[in-house]
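Here the structure comes first, spelled out in structure tokens, and everything after it is commentary.
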Amino acid sequence: MIVTVLLAFVAGFFAGNGLPYFVEGSTGRTVNPGPFGDGAVVNVVSGWFLLVIGALAWHFADVPAHPWPGWSAAALGVLAVGLVHARTWRADVWGRRRPWNATR
């Protein structure tokens, strides 16, 4: 069951991390801070890669064998990455100037 919990948490974390990048990139927005640049294509590829990792982790988590711990761990993974994004997307962790954190 511990493997299920760990892999489900990883799946939730990576899926929750990949979705904003994929959506923002596919709609043409380029304001997400990322380690590989600011282009829409970079965001789509990064988001896709993170979603694939999340899907693979979910596949191997065997959540049907332990549904309550698995789904709970996945929900906590999504929450954790959401809190990370809420904290870091305001202040660009990559050290670049952004319109939303520029000093006046």
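We did not get these values from a lab; they are worked out from the coordinates using the rules stated. Keep in mind it's a predicted model, so treat the numbers as computed, not measured. Every residue, glycine as well, gets a Cβ built from its backbone with ideal geometry; the counts of neighbours run over all protein chains shown.
Legend: calculated FRET efficiency, His85 to Ala65, from the Cβ-Cβ distance at R0 = 41 Å, rounded to 0.05, equals 0.85. For region 1-65, the spherically averaged projection of the C-alpha convex hull amounts to 4.2 nm². Here the spin labels are modelled as points 7 Å beyond Cα on the Cα-Cβ line, and at Val23 and Ile2 they lie 3.5 nm apart. Extending 7 Å from Cα along the Cβ direction at Phe49 and again at Ser72 yields two label points whose distance is 3.4 nm.
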